[in-house]
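*Asks:* Got a structure for you, written out below as structure tokens; questions coming shortly.
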Amino acid sequence: MQILNNGFYKINDAKCFIKSKFYPFKRAKKEYFKYEFYLGIGGNIGEVKKNFQKLFQKINKNKRFFINSTSPILLNKAFGYTKQNDFLNAVIRIQTSKSPNEVLKLMQHFEICFKRKRSFKNAPRTLDLDILYFNTKVRKNKNLIIPHPGVEKRISVIIPLGIMLKE
């Protein structure tokens, strides 16, 4: 993605949107959860669209979470390491009463369930889960940085999140 001199983005890495059973999705918030966070999801190995649907169901069944809404799925070019397949990306808005570090551990567990391998930075993956925002919290430690680094520069986040927030 390229930022032009006037501050606007040139969106040449986004290819198209893909709809599926749970993307996009929207329902009313629950009042009894303490926090809300935005989860970026991505992948480019295997049946990624099916993985996104299975992830939705896993999170939705977990009593610690309540999915409020999801974006459509965006097909976009890989960034960083570009000699790999295109990615599918989406954003999920989730309510919870768990702390950011507890949520991180649970999301890493979900990645393991989907056989995520961390071979090198920006490597191909079955499922990548990133906590993009967590309420209005700012956090920076060796395990977790909130807001997620580069969130404002990644087309894979900007477009799905923008569409989800518009609705």
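*Asks:* Give just the number: which of (1) without any contact (Cβ under 8 Å) to a residue 60 or more places away in the chain; (2) in contact with a His (Cβ under 6 Å, 6 or more places away or on another chain) does Leu132 not satisfy?
*Replies:* Single failed check for Leu132: (1).
*Asks:* Next up: Can you name the number of the only condition in (1) of a type in the set (A, V, I, L, M); (2) open to solvent by less than 20 Å² (accessible area, probe 1.4 Å); (3) without any contact (Cβ under 8 Å) to a residue 40 or more places away in the chain that Val138 fails?
*Replies:* (2)
*Asks:* When residues of the stretch 56-78 are filtered for being hydrophobic (A, V, I, L, M, F, W, C), closer than 12 Å to Val157 by Cα and open to solvent by less than 10 Å² (accessible area, probe 1.4 Å), how many remain?
*Replies:* 2
*Asks:* Specify the residue that is nearest to Thr126 (Cα to Cα); the eligible residues are those in the stretch 25-45 that are open to solvent by 50 Å² or more (accessible area, probe 1.4 Å) and not in a strand (DSSP E or B).
*Replies:* So the residue we want is Ile45.
*Asks:* Next question. Exactly one of (1) of a type in the set (Phe, Trp, Tyr); (2) farther than 20 Å from Phe87 by Cβ; (3) modelled with pLDDT under 95 is unmet by Phe17. Its number?
*Replies:* (2)
*Asks:* Restrict the check to the stretch 83-94 and report whether at least one residue is of a type in the set (Gly, Ala, Ser), open to solvent by less than 30 Å² (accessible area, probe 1.4 Å), touching a strand residue (DSSP E or B) at 6+ places or on another chain (Cβ under 7 Å) and at pLDDT 90 or above.
*Replies:* Looking for residues that are of a type in the set (Gly, Ala, Ser), open to solvent by less than 30 Å² (accessible area, probe 1.4 Å), touching a strand residue (DSSP E or B) at 6+ places or on another chain (Cβ under 7 Å) and at pLDDT 90 or above, one finds at least one in the stretch 83-94, hence yes.
*Asks:* Exactly one of these conditions fails for Lys58: (1) closer than 20 Å to Leu165 by Cβ; (2) touching a Cys at 6+ places or on another chain (Cβ under 8 Å). Give me its number.
*Replies:* For Lys58, the failing item is (1).
*Asks:* Another one. Take the residues of the stretch 132-167 that are part of a helix (DSSP H, G or I) and of a type in the set (Gly, Ala, Ser): which is farthest from Arg27 (Cα to Cα)?
*Replies:* Going through the qualifying residues, I end up with Ser156.
*Asks:* What about Glu152, is it open to solvent by less than 50 Å² (accessible area, probe 1.4 Å) and among the acidic types (Asp, Glu)?
*Replies:* It is false that Glu152 is open to solvent by less than 50 Å² (accessible area, probe 1.4 Å) and among the acidic types (Asp, Glu).
The values are calculated or read from the model by the stated rules, or taken from the named source; none is laboratory data. Computed from a predicted model, the values in this text were never measured in an experiment. Note that we place each Cβ from the backbone using ideal geometry, even for glycine, and neighbour counts take in every protein chain shown. Side chains included, ligands, DNA and RNA excluded: accessible areas come from the protein's heavy atoms. Shrake-Rupley method; radii C 1.70, N 1.55, O 1.52, S 1.80 Å.
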